[in-house]
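*Asks:* First the structure, then my questions, so here it is.
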Amino acid sequence: MRCLFVTILILLSINTHVSPTAANLAVKRPPVQVPLPRAAYLSSAFYDESCPNLESIIHQKMSAWLKTDRTLAASIIRLHFHDCAVRGCDASVLLNHPGSERAAEASKTLRGFALIDEIKAEVERQCPKTVSCADILTAAARDATIMAGGPFWEVPFGRRDGRISLAREAASVPQGHENITQLLRTFEELGLTFVDMVVLSGSHTIGRCSCHSIKQRLYNFTGTGMADPSMNAIYVNWLKKRCRSDASYVNLDFWTPQKFDTTFYRNLEKKMGLLSTDQLLHSDMRTSGVASLMGSQPQLFDTQFAASMVKLGNANVLIGKEGEIRTKCTAVNSY
């Protein structure tokens, strides 16, 4: 029995003993460095000292322009999305030169450039060479949402402006005829989920679409020579009367086109989604649950829309010494 007890003590001593050398090596081992996401370098307080009036300038300019043209709210939100969908939120869509994103076929109906230029000019007057065009566009999209009746959120700042803008890359931005799988892939590349996709599509509660963009759905869906069967027949007839010209426009939300609300989602339940990509949100099993939930929970929609817009604005941003701070949003700096 005594021999057994001694044996157990020896085994315990062997199993728990750590040599001084091994212990020292464990202490000296460098900690694992986990890189921070780019969004971690952005902050709502980024310009508190360098340009304290920034948000006030943006708000005043946005308010003045929208009093004259309420449709600009949707245009600025769309402009922001087009920017972030190509190379991330780096204001590349604002560059105006031959072969730029702005010159692409996919960008023909984008609006709001003059408003952003005016905001930038005033910001440069008060805070020269300090605020990026990317930050201005992101904050303008937030203010556009608020002025249309949507939610508020804090915009984290600190983005830098890109120097590259290529027309061919603008073709990657969804145009309203993609399937859900293609849309999901686009949003995943931006670091966004299927929930973000459905919620951000809710911005179509305001805004318009050209009749040219929906012509195929009305007259020759998938080469059948007929209207898209997923559309409400009465709605199709109304659209045909409204769209006698390709240059005409129709509202994305039939019932409350100037109010930021959840009617957009309820329209989908009635087969009144103007774009096929919108209607698919309700018919595809991967997204239908979220679409129905957003339609029935306005407060949840507002909360989630704000969160998803922050995520969109953080997509693939340039930080630190990357890119530049443009003095004019239309061109890279020459110095």
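*Asks:* Cα to Cα, under 16 Å, and not fewer than 8 places away if on the same chain: which aspartates and glutamates meet these conditions relative to Lys61?
*Replies:* Excluding near neighbours in sequence, the set is Asp69, Asp117, Glu118, Glu122, Glu124, Asp135, Asp143.
*Asks:* Amide H neighbours of Phe157 under 5 Å, at least 5 residues apart or on other chains, H built in the peptide plane: list them.
*Replies:* When sequence neighbours closer than 5 places are left aside, the close amide H contacts are Ser43, Ser44, Ala45, Phe46.
*Asks:* Something else about it: Report, by chain and number, residues whose modeled amide H sits under 5 Å from the one on Leu318, excluding near sequence neighbours (fewer than 5 apart, same chain).
*Replies:* Excluding prolines and chain starts, which carry no amide H, the hits are Arg160.
*Asks:* Shifting gears a bit: Order of 144-156, 282-294 by packing, highest average Cβ count within 10 Å first?
*Replies:* Going by the mean number of other Cβ atoms within 10 Å, highest first, we get 144-156, 282-294.
*Asks:* How many Å² of accessible area per residue for the chain, probe 1.4 Å?
*Replies:* Result: 52 Å² per residue.
*Asks:* Let me ask another. Please report Rg (one decimal) and Dmax (integer) in Å for the Cα set of segment 75-234.
*Replies:* Cα only, segment 75-234: 17.3, 58 Å (Rg, Dmax).
*Asks:* Hey, another quick one. For a 20 Å ceiling on Cα separation, which of these pairs sit above it: Lys120/Lys259; Lys129/Lys328; Lys215/Lys271?
*Replies:* Cα-Cα > 20 Å for Lys120/Lys259; rest within.
*Asks:* For the chain, what's the relative contact order in percent, using C-alpha pairs closer than 8 Å and at least 6 residues apart? Could you put the intermediate results ahead of the total?
*Replies:* Details: 511 pairs, mean separation 80.8, N = 335.
Averaging sequence separation for qualifying contacts and normalising by length gives 24 percent for the chain.
*Asks:* A further question follows. Say each of Ala45 and Lys328 gets a label point 7 Å from the Cα, pointing the same way as Cα to Cβ; how far apart are those two points in nm?
*Replies:* 3.7 nm
*Asks:* Would you mind telling me the share, in percent, of accessible area of the chain contributed by carbon and sulfur at probe 1.4 angstrom?
*Replies:* Whole-percent figure for carbon plus sulfur exposure: 57.
*Asks:* Another question about this same structure. Considering the Cα trace of the chain, what is its radius of gyration and what is Dmax, both in angstroms?
*Replies:* Cα-based Rg and Dmax for the chain come out at 26.1, 103 Å.
*Asks:* Would you please name the trypsin sites (Lys or Arg not before Pro) within segment 95-152 that are DSSP coil residues with at most 14 other C-beta atoms within 10 Å of their C-beta?
*Replies:* Lys108, Arg111, Lys129
*Asks:* While we're looking at this one, here's another question. Which of the aspartates and glutamates could a cross-linker bridge to Lys241, judged by Cα under 19 Å and excluding same-chain residues fewer than eight apart?
*Replies:* Output for Lys241: Asp228, Asp253.
The values are calculated or read from the model by the stated rules, or taken from the named source; none is laboratory data. The structure displayed is predicted, hence computed values, not measured ones. Neighbour counts run over all protein chains shown; Cβ positions are idealised from the backbone, glycine included. Side chains are part of the model used for accessible areas, which takes the heavy atoms of the whole protein and leaves out ligands, DNA and RNA. Shrake-Rupley method; radii C 1.70, N 1.55, O 1.52, S 1.80 Å.
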